[in-house]
Ligand code: G6P
């Protein structure tokens, strides 16, 4: 009931601000990286796999997509990410030594359960669930599991479940890397330090809310918004667009920024703003030229950058700098402004934020 909303207006808002706690709880008791975080037999399983298949739907699919970038670059394993509802009806060709990772907040999504069943029928017995509900069907169905500690999530649009999934997937990446001899003790220490700093780093990003509200006041009056990102921030752009359409009903689409010139640039005008996720990584230079293309066409840019990125506000280019430079954990931090932007755009439109029309928290039918 309203009593447990405390100072918040909607559960989504409460859950956004619970994220530092949810991440700290998910990391609770983890003092070193080891496959056993995923189950007693995980070392043997991780040691035997030659590839990873991630299965998920909705927001969880975007978390899985982020993990592809992490696992490929850090653990050096080939990764496929599949929308569960598509995978179950495709004749995919996969090795039996594939680690099948199902990512689901509820663990009850019919398409995810169906996809895992199909994978098993294909001979893939090495299954792992990343789930927020320990008693769910998915956790029962999979050989290994990791339970995120987001706590019950009520808002239909996933927030704290999403960021804790990312934490779990990063721990999976490091564990796979370790088993494969791709993680030095020094690197392990450095990643653990960054993980422990996450709750604090997240609180500092959430404190940017007033500037994000100012942007949402402009965006809420638009009918279309493009979200762009590159590399591991492309899934963050996808998640930003999904949140925006789910709760504000503004049409939003996400593109890998390099694809702008292959189509969506035709849509850009003063009426079609572009939100860019642009931390200071090795793709920033490329993104910068994509942004010039938007600017030259009268498109208004809203850029989320890093503390030490060389981007400055200019006519038609607004910039909000996140507080630090976050390395591989950057997608987790950059998700927070996406959530706040969608929340405040929806709030300004007066929608039913926790129960958007036509959507359900957990889709247990096909
Ligand atoms: C529904 C929810 C989404 C969620 C998706 C997958 O569509 O509205 O917020 O991302 O299901 O749910 P899961 O529980 O499998 O993560």
task: Whole Å is fine, so just give me how far the alpha carbon centre of the stretch 105-140 lies from that of the stretch 38-102.
output: 12 Å
task: Please give the helix 284-296 orientation as an angle from the longest Cα principal axis of the chain, in degrees from 0 to 90, rounded to the nearest 10.
output: 40 degrees
Neighbour-count order for 365, 45, fewest beta carbons within 10 angstrom listed first: 365, 45
- prompt: Which peptide among 16-26, 131-141, 83-93 comes first, and what is the full order, when sorted by highest mean count of other Cβ atoms within 10 Å?
  reply: 16-26, 131-141, 83-93
P(r) histogram, all alpha-carbon pairs of the stretch 19-80 included - 5 Å bins from 0, percent: 4, 14, 16, 23, 26, 14, 2
query: For the pair residue 286 and residue 204, what calculated FRET efficiency results from E = 1/(1 + (r/R0)^6), where r is the Cβ-Cβ distance and R0 = 22 Å, to the nearest 0.05?
result: 0.20
field: Helix axis angle, 209-219 relative to the chain longest principal axis, alpha carbon, degrees
entry: 70 degrees
- prompt: With the chain treated as a Gaussian network of Cα nodes joined by springs under 10 Å, which of 41, 351, 220 yields the largest mean-square fluctuation?
  reply: 41
- request: Using every pair of alpha-carbon atoms in the stretch 1-119, split the distances into 10 Å bins beginning at 0 and state the percent of pairs per bin, rounded to integers.
  value: 12, 32, 35, 16, 6, 0
- line: 1/(1 + (r/R0)^6) with r = Cβ-Cβ of residue 76 and residue 214, R0 = 51 Å, i.e. FRET efficiency to nearest 0.05, evaluates to 0.75
query: What is the Å³ per residue value for the convex hull set by the Cα atoms of the stretch 221-366?
result: 125 Å³
field: Stretchable slack from residue 365 to residue 196, in nm (0.36 nm times residue separation minus alpha-carbon distance)
entry: 57.0 nm
statement: Expected sort for 112-121, 162-171 on mean C-beta neighbours within 10 Å, highest first, is 162-171, 112-121
field: the chain: angle of helix 160-179 to the longest principal axis, Cα-based, in degrees nearest 10
entry: 50 degrees
task: Report the convex hull volume per residue for the chain, counting only C-alpha atoms, in Å³.
output: 134 Å³
query: Okay, helix-only estimate at 222 nm for the chain: each DSSP H run of n ≥ 4 adds -39500 (n - 2.57), divide by all residues, round to 500 deg cm²/dmol; what do you get?
result: -13500 deg cm²/dmol
message: With an 8 Å Cα cut-off and a minimum separation of 6 or more residues, compute the relative contact order for the chain in percent.
response: 19 percent
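Within 10 Å of each residue's Cβ, count the other Cβ atoms and sort 156, 303, 101 from fewest upward. Numbers along the way, then the final one.
Numbers: 156 19, 303 22, 101 28.
Ranked by crowding around the Cβ, least crowded first: 156, 303, 101.
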task: Assuming R0 = 30 Å, can you tell me the calculated FRET efficiency for the pair residue 122 and residue 152, based on Cβ-Cβ distance, to the nearest 0.05?
output: 0.35
Taking N as its residue count, the alpha carbon Rg of the stretch 63-123 over 2.2 N^0.38 Å: 1.13
- prompt: In whole percent, what relative contact order does the stretch 271-366 give with Cα contacts below 8 Å and a gap of six or more residues?
  reply: 21 percent
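Readers should treat all values here as calculations from the given coordinates under stated rules, not as data from a laboratory. Since the model is a prediction, treat every value here as computed from it, not as a measurement. Neighbour counts run over all protein chains shown; Cβ positions are idealised from the backbone, glycine included.
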